[in-house]
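Structure first, commentary second.
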Amino acid sequence: MAKTKGKTENKDLTPNEKSNLQADMRRFGYLLPTNDEELDEFNNIFGKTQVMFPDHLKRPAFLQRESSVAQLNKSPKLTKVEDTKSKTAVKTKTTKATGNDYFKRLVLAAEIANKLHGELTFGHVKFVKIYFLCDHVCNMRFSSVYSKYAAGPLDPKQMHTIDAEFKKRKWFTITKSKYGFRYSPDEKLSEYQTYYERYFKNSMNDIDRVIDLFRNKKSDFCEIVATIFYLQKDFMLNHKLVNNASLVKAFYDWDEKKKRFSEREILQAVDWMKKNEIIPV
C-alpha cells in the first residue's frame, strides 16, 4: 500500500531531546507550555502567525508533569462556605476571562513569596490573603475566581497550582511544619524576576505598597482585612448599604469560625483599611 504523501508519524521526543529543546526555547526567551492554560496562552500569542509549531509540542503531556498538582502538599481539606444570598460576589471579573494571565499570576505569586518568605508570619493563609489583595487593590483584572471559605476569600485551584509550579520550576521549596507551610528560595528563583519586570512594570510600586503594609501583620489580621474587602466589594456589586454595622453582621454571618474575632478587631481593621486605602475600586 502506498504511503500517504506528506504524512509524518507522531513520535514523542526522547528525554535528551526534550531537555535540549527546553534549553533552546529558554535561550530565545520562551517557556514551553506545561498545561492547558499555558498552551492557551501560547495559542493566543502565536496562533494567528505563520509559525508552524510541531504537533508534539501541542500536547503538554510530553513534558511528563507526573500529576505534580495532585501530589503536592496534600493540603488539609478546605471548607467552602455556601453563599445563598449573593449571586455576584467577588467572582465577578472586570474583563473577559482568558488563559493568557495564567503565567502572570504565577509570577506575581513568586514576587510576594520572594518578598515575604523570611517573615515568621508568612504561610499559606497570609500568602493567599495578600495575593487576593494585590489582585484587587492593584486592579490586576486577572481571571481568578474567589469564593467564600472559612478562612476568607480563596481560589483553591489557583493556589494549589501555584505551589505545584513553584516546586516544578524550582523557584521555591515548600515544607510543612507544626507552624504551617514555609517557602524557601530554590535554585532557579531568579528566573521569575525578568518576567515580573516585564509584566508588572506599571504596577510594581502598588504591589510593593500592599506587600509592605502586611509584612509584619499576623495571619489573623490579613484574614480579617481580606474578608472585609471581599464583603465591601460584594456589597458594592449588589448595590447594598456599606457601613460598619452591615460589615460586622456580614462578617459574623460568613462562618462560625469568624466569631473568634471581636467586633473591636473588625472595626479597627475597617479604620486601618480606610487610612491605608485598602478599599475596593
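Observations
- Packing-based order for 144-153, 256-265, using average beta carbon neighbours within 10 Å, highest first: 144-153, 256-265
- The simple Förster model, with R0 at 22 Å and r as the Cβ-Cβ distance, assigns Asn244 and Asn276 a FRET efficiency of 0.80.
- Rough spin-label spacing in nm, given labels placed 7 Å along Cα→Cβ, for Glu197 and Gln268: 4.1
- Rounded if a/c under 1.5, otherwise prolate or oblate - the range 220-281, Cα gyration tensor axes: oblate
- Relative to the current alpha-carbon distance between Tyr252 and Ser177, full extension at 0.36 nm per residue lengthens the span by 24.0 nm.
- Taken along the Cα-to-beta-carbon direction at a fixed 7 Å, the label points for Met236 and Asn205 span 2.1 nm.
- Given Lys115/Lys233; Lys157/Lys218; Lys126/Lys201; Lys115/Lys168; Lys168/Lys275, the pairs whose alpha carbons are separated by over 30 Å: Lys168/Lys275
- Multiplying the residue separation of Leu120 and Lys259 by 0.36 nm and subtracting their alpha-carbon distance yields 47.5 nm.
- Gyration tensor over the Cα atoms of the range 79-275: the corresponding equivalent ellipsoid has semi-axes (square roots of 5 times the eigenvalues, largest first) of 28, 19, 16 Å.
Read-outs throughout are calculated quantities, based only on the coordinates presented, and are distinct from any laboratory measurement. Everything numeric in this text was worked out from a predicted model, so none of it was measured. No Cβ is skipped: glycine too gets one built from the backbone with ideal geometry, and neighbour counts run over all protein chains shown.
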